[in-house]
Amino acid sequence: MTDLVNKHLISDVKLIDALTTQFELVSTNNDNWTKTYLDQTKNEKWLSYYVDGALQGDGYNILGRLPLPTTDKLIELALYSSYDDEVFAACRTLTDNEEIRKDDFRLTLIERLENLNNKSRQKKIIELTGLSSALNKQDILGKTTEQINTSANYYKQIADRADKLK
């Protein structure tokens, strides 16, 4: 079995299948499309969840060690994890949390990316998070024109900074 000591997120389908077969299913939440598993050998719980649920086929399955990483930890994983599937999972979880929970990560991430000396990793993260998109992701209902313009400008400025890194 793969050593999970340093892994927080897994998006490798074969590894998820292997682990969830070995782990004990503790609970299922059909409303949120999640399952909680117990790794009895280490007494650790893992959550199976989906990101990009709007995609055909219900998105991508992620297996995350509980408690799930905070936004700051997700950014750390995206920047420095040595596991490609964990980088993918961290980036897609960031975008999902932005959409569903309204957790903003963009300013912190772009600032961290600008100080990262790995062009390949910068490009990968920008692509996986859609950081170069100027599309306003915030709700506009009930907001003034000024608030909407401020929000749109925020996304445009970050997208421009991301484009300079690519």
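Each value in this text was obtained by applying a stated rule to the coordinates, not by laboratory testing. Everything numeric here is computed off the predicted structure, so don't read it as measured data. Glycine gets a Cβ as well: all are built from the backbone with ideal geometry, and neighbour counts include every protein chain shown.
General observations
- When all alpha carbon pairs of the chain are counted in 5 Å bins from zero, the resulting P(r) reads 1, 8, 17, 19, 18, 14, 10, 7, 4, 1, 0, 0 %.
- Cα-Cα over 32 Å, subset of 35/119; 102/166; 45/143; 102/123; 35/143: 35/119; 45/143; 35/143
- Theoretical gain in end-to-end length, residue 145 to residue 163 [0.36 nm per residue, Cα-Cα removed]: 3.8 nm
- Top positive-direction residue, dipole computed over the stretch 9-164 with Cβ charges, set 97, 60, 131: 131
- Unit charges on C-beta of K, R, D, E only; dipole of the chain, Debye: 420 debye
- Förster radius 35 Å - calculated FRET efficiency between residue 156 and residue 5 (Cβ-Cβ, nearest 0.05): 0.25
- Helix-derived mean residue ellipticity, 222 nm - over the chain, DSSP H n ≥ 4, -39500 (n - 2.57), to 500: -15000 deg cm²/dmol
- From the alpha carbon centroid of the stretch 13-91 to that of the stretch 105-166 is 25 Å.
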